[in-house]
1. Would region B:216-235 turn up any residue that is in a strand (DSSP E or B) and away from chain A (no Cβ under 14 Å)?
2. Over 18 Å from the mean Cα position of the chain (by Cα), surrounded by fewer than 20 Cβ atoms within 10 Å (Cβ to Cβ), away from chain B (no Cβ under 14 Å) and modelled with pLDDT of 95 or more: does that describe residue A:259?
3. Examine region A:95-104 for a residue that is within 14 Å of chain B (Cβ to nearest Cβ), at pLDDT below 95 and over 21 Å from residue A:45 (Cα atoms), and state whether such a residue exists.
4. Report yes if residue A:221 is surrounded by fewer than 20 Cβ atoms within 10 Å (Cβ to Cβ) and in contact with a helix residue (DSSP H, G or I) (Cβ under 7 Å, 6 or more places away or on another chain), otherwise no.
5. Check residue A:142 against each of (1) more than 19 Å from the chain's Cα centre (by Cα); (2) in contact (Cβ under 8 Å) with a residue 60 or more places away in the chain; (3) within 14 Å of chain B (Cβ to nearest Cβ); (4) on the phi > 0 side of the Ramachandran plot and name the one condition it does not meet.
6. Identify, from the list A:302, A:298, A:237, A:251, the residue that is within 14 Å of another protein chain (Cβ to nearest Cβ) and either under 24 Å from the mean Cα position of the chain (by Cα) or farther than 30 Å from residue A:18 by Cβ (or both).
7. Quick one: count up the residues across region B:189-214 that are within 14 Å of chain A (Cβ to nearest Cβ) and without any contact (Cβ under 8 Å) to a residue 24 or more places away in the chain.
8. Does residue B:153 satisfy being more than 14 Å from chain A (Cβ to nearest Cβ), touching a helix residue (DSSP H, G or I) at 6+ places or on another chain (Cβ under 8 Å) and farther than 24 Å from residue B:210 by Cβ?
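The values are calculated or read from the model by the stated rules, or taken from the named source; none is laboratory data. Just so you know, these numbers come straight off a predicted model, no measurement behind them. Cβ atoms come from the backbone with ideal geometry, glycine included; neighbour counts cover every protein chain shown.
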């Protein structure tokens, strides 16, 4: 298996009373609450963490969110380009720039091709559908974003793989009469594509296209369903069964000397769920396209009853749900192996460790333990026995 | 099954009431509600024909039907499908559609009424003429759109409808509101609620026109309305007191009186 480090570069320094008062901590919180001197220190620390990852063999994931406390990576290609130059060895996944917000996929292809060349072929390109506050921060129409995402992916792929251009594109959402990017990518025919989704029809389409499917915090069952949809779509299309390298999962993670230490520090990660996703209703359940109309009654009735936001997510509970890997190195290796078995095989685990209130020193300690004591336990694993996992799934279903 | 209207090959849900000369209502954020109190009053002056735009209510929207351009040509087809000369009344977002249709000078149109329409850009680049429909909190929308939100007719929804959702509402009503909101965003997310070119062509409107405005409208103010009206040759402007963005819902009698008087005048 391969392990990846993903840090969103959160900014947990806004006074609690400001956050409590704000209707949303994304999109509309004024940037006077972001001290650029603190931001500069965060960038330094996290780029140092990425250099450490490069030395010890943890791959690196970047992403972007906008206008909020959860993420100071405003442009994934910018950050990925820096990481490409700071590192020498590991692979770098941009997951990703917001293709449904940005007006010209050709520029995105050009940026990624540039990064692929300057990293000498270490780039992987990830796609996210995006939505919610991002549509507001980027003034992008929140309707039909899945269709827009697929058209952007198609155009980016064609721009990366066409070498006798220019070619013309007159699509539904994007037009460009003269596509001819320089440089062309280092990797041929193109860098690996990834996409983050748990939407089953989209997982099926990823399967048919052989794109790496990653889930974010989906837990055991949802992840298993997504991967099963991917595999079923390939079977139905008479395509070869996918290898485990087509599957990825992002979870919160902390590796400590002891289980106790890991859960204590892991608890600081829960800030992501308890604080950093607070969003006003117009950016969430009432945003056009946020819920399919037939799902609106369920979504809105839950809102009407003002269900309290989670404020006490216990790290141990997150571990139990398969949303966090935390413990001493042996514990975490066991958790990941168990996860792999329960989802029917997986090759990539993306660990979100420097999250919430976790410090630079704490993050580096976890990375070192991960690389030295967890990663070796995840090599040369025996193939997943589908019969055994199917039997286990049946047993669990019967127990419910 | 709702009443239907065919315009070319497009099938629309339509609400009809009364008889006589057609009065075409072009709706705003939600289709004209059969429970709106102004309907019966206005139906004394002609046959109300109130279609739901594609994507709203029970009117299907084809994938490629997704711009103001499509709506304008659709409503030109609707005019063609109605008997005789037609008075067109456009509300809010539908006022924008009606203004665009009127600029195209269709032969069947003989009267235009715009009710708190959006559709044009008047202020400077850092001034917002129109409160953002989608990015504004439900409670603010509800406050800004109504003179007195507590006097909204039961089960009739305008801007700020999100603030009026309660657990007693039927699933069907919620699904309809969600569909309408989605369709509105398809047509009008960006540029938000206006066509930058429309202002310079309003001079092409050649039918008698009345611009009505809720004096308390803070989604688009009466000052915007006066300036809008001044761009339409010969248009009359009237403010309706104690009404916000939906004067037809807050002051149905005054609204119908003004419209009826206007329709009764000779050109």
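1. At the first step, the residues of region B:216-235 found to be in a strand (DSSP E or B) are none.
Within region B:216-235 (the criterion being in a strand (DSSP E or B) and away from chain A (no Cβ under 14 Å)), the answer is no, since none of the residues qualifies.
2. Values: over 18 Å from the mean Cα position of the chain (by Cα): yes; surrounded by fewer than 20 Cβ atoms within 10 Å (Cβ to Cβ): yes; away from chain B (no Cβ under 14 Å): yes; modelled with pLDDT of 95 or more: yes.
Spelling it out, residue A:259 is indeed over 18 Å from the mean Cα position of the chain (by Cα), surrounded by fewer than 20 Cβ atoms within 10 Å (Cβ to Cβ), away from chain B (no Cβ under 14 Å) and modelled with pLDDT of 95 or more.
3. No - not one qualifying residue is present in region A:95-104.
4. On the way: surrounded by fewer than 20 Cβ atoms within 10 Å (Cβ to Cβ): yes; in contact with a helix residue (DSSP H, G or I) (Cβ under 7 Å, 6 or more places away or on another chain): no.
No: the conditions fail for residue A:221.
5. (4)
6. Values: A:302 fails: either under 24 Å from the mean Cα position of the chain (by Cα) or farther than 30 Å from residue A:18 by Cβ (or both); A:237 fails: within 14 Å of another protein chain (Cβ to nearest Cβ); A:251 fails: within 14 Å of another protein chain (Cβ to nearest Cβ).
Exactly one of A:302, A:298, A:237, A:251 is within 14 Å of another protein chain (Cβ to nearest Cβ) and either under 24 Å from the mean Cα position of the chain (by Cα) or farther than 30 Å from residue A:18 by Cβ (or both), namely A:298.
7. Residues flagged as within 14 Å of chain A (Cβ to nearest Cβ) and without any contact (Cβ under 8 Å) to a residue 24 or more places away in the chain within region B:189-214 amount to 1.
8. Values: more than 14 Å from chain A (Cβ to nearest Cβ): yes; touching a helix residue (DSSP H, G or I) at 6+ places or on another chain (Cβ under 8 Å): yes; farther than 24 Å from residue B:210 by Cβ: no.
Answer is no for this residue.
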